[in-house]
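Peer 1: This is the structure I have questions about; it appears just below.
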Amino acid sequence: MASFNCFALAFFVALSFSSIDVGLAARQLQQLPPMPTLPTTTLPPLPSIPNLPQPSIPPFPRLGALPPLPTMPALPTLPPLPSMPSIPTIPTTIRSIPFFSPPPSPSSP
């Protein structure tokens, strides 16, 4: 975080020093005597665009004049797919867990 603050401060100082030179240059330009007017010249007229010949577009053929579309060849017949085995069903009832009786406790005399 401290390095960022140092970088920001250095950037701000460099920016302020660069703007001082710009301010001094602007002041010097304002203090110059006015510039003499430059002689103006007349430009020659632009040449006119020549009329180019328009290309002729051939007419489109009529729908009746088109050749018939080729017919698609018949697809080969495939052998039938084998039948899928039946999916086993998942039992929906929960079987009870067998509970064994505890061993008899030893009798104390």
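The values are calculated or read from the model by the stated rules, or taken from the named source; none is laboratory data. In this text, all values refer to a predicted model and were calculated from it rather than measured experimentally. Cβ coordinates were reconstructed from backbone atoms using ideal geometry, including for glycine residues, and neighbour counts include every protein chain displayed. Heavy atoms of the whole protein, side chains included, go into the accessibility calculation; ligands, DNA and RNA do not. Shrake-Rupley method; radii C 1.70, N 1.55, O 1.52, S 1.80 Å.
Peer 1: Provide a single number: the residues in region 56-66 that are modelled with pLDDT under 75 and open to solvent by less than 100 Å² (accessible area, probe 1.4 Å).
Peer 2: Final tally of qualifying residues: 4.
Peer 1: Something else now. Please go through (1) part of a loop (DSSP other than H, G, I, E, B); (2) open to solvent by 100 Å² or more (accessible area, probe 1.4 Å) for ALA74 and return the number of the only condition it doesn't satisfy.
Peer 2: Condition not satisfied by ALA74: (2).
Peer 1: From SER107, SER101, which residue is open to solvent by less than 100 Å² (accessible area, probe 1.4 Å) and out of contact with any His (no Cβ under 6 Å at 6 or more places or on another chain)?
Peer 2: Among SER107, SER101, only SER101 is open to solvent by less than 100 Å² (accessible area, probe 1.4 Å) and out of contact with any His (no Cβ under 6 Å at 6 or more places or on another chain).
Peer 1: From VAL22, VAL13, grab the single residue that is modelled with pLDDT under 85, surrounded by 10 or more Cβ atoms within 10 Å (Cβ to Cβ) and in a helix (DSSP H, G or I).
Peer 2: Checking each option against the conditions leaves just VAL13.
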